[in-house]
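Trainee: Please read through the structure below; I'll follow up with questions.
The values are calculated or read from the model by the stated rules, or taken from the named source; none is laboratory data. Bear in mind that the values here come from a model prediction, so they are computed numbers and not experimental data. Please note: Cβ atoms are built from the backbone with ideal geometry, for glycine as well, and neighbour counts cover all protein chains shown. Note: areas computed on protein heavy atoms with side chains; ligands, DNA, RNA excluded. Shrake-Rupley method; radii C 1.70, N 1.55, O 1.52, S 1.80 Å.
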Amino acid sequence: MSNQRFISTVAGTLDGKGRVCIPASWRQILSAQDTHGVYICPNLEGGSLDGFGQALMDAECERLDTLDPLLSALHDDLATHITAESMLLPIDENGRIRLPEDFIQAAGLKDKVVFVGLGRKFQIWDPVAYAPVKAKRLAGALAERSARAAKEEAAREPVAAPPTPQSIGTP
């Protein structure tokens, strides 16, 4: 399995037949994972579609395998999203997939799309809908960076020695 990641942000189009072209470098990643197409599902929070390869699907199914499939409500909750809502869509000779109409509607996609690389997965967004999400995510990353920097700075500060009887000035 490939440990390559989906990186970058790539503009694309949604044609009248509901097709989008997966970025070429991402198709190589999917192929290296022995994915026969690409897995696509609506994002749990709405507004976008999640895309991923066989490596992530296998990892998620292994996680599901640790739960009791007959008695675990968590198993059913996760499996509903991971396996029941995902579709393995074939990639045609031009690098395109045809998105199901209900996926297009769920993500609010129109004629323009943006592919957003998120490491082990990617998302497909309407560019207008993605703009405030991108701003929020970047603000969150900046806040996390600031919090880590403050924690590192606190760790570098010398720790004051506890007072000794000599420093207190005992009679």
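Trainee: Given charges of +1 on the Cβ of Lys and Arg and -1 on the Cβ of Asp and Glu, with all other atoms neutral, how large is the dipole of region 16-134 about its Cα centre, in debye to the nearest 20?
Mentor: Taking the Cα centre of region 16-134 as origin, the dipole is about 720 debye.
Trainee: Compute the length gained on full extension between ALA155 and VAL128: take 0.36 nm times their separation in residues and subtract their Cα-Cα distance, giving the result in nm to one decimal.
Mentor: Using 0.36 nm per residue and subtracting the Cα-Cα distance, I get 5.6 nm.
Trainee: Ignoring ligands, DNA and RNA, how do LEU14, LEU67 rank by accessible area with a 1.4 Å probe, largest first? The partial results should precede the final answer.
Mentor: Working: LEU14 25, LEU67 45 Å².
Per-residue accessible area, sorted high to low, gives LEU67, LEU14.
Trainee: Among THR66, VAL133, ILE104, flag the residue with its Cα farthest along the positive direction of the charge dipole of the chain, charges on Cβ as +1 for Lys/Arg and -1 for Asp/Glu.
Mentor: With unit charges placed on the Cβ atoms, the residue in question is VAL133.
Trainee: Hey, any idea what % of region 6-123's accessible area is carbon plus sulfur with a 1.4 Å probe?
Mentor: Summing carbon and sulfur atoms, their accessible area is 54 percent of the total for region 6-123.
Trainee: Tell me whether region 1-158 comes out rounded, prolate or oblate; compute the Cα gyration tensor, take square roots of the eigenvalues as a ≥ b ≥ c, and use a/c under 1.5 as the rounded threshold.
Mentor: Oblate.
Trainee: Another question about this same structure. How many Å² of accessible area per residue for the chain, probe 1.4 Å?
Mentor: Roughly 63 Å² per residue, with all protein chains present.
Trainee: Taking all protein chains together and a probe of 1.4 Å, list CYS21, CYS61, CYS41 from the most accessible to the least accessible.
Mentor: Accessible-area ranking of CYS21, CYS61, CYS41, largest first: CYS21, CYS61, CYS41.
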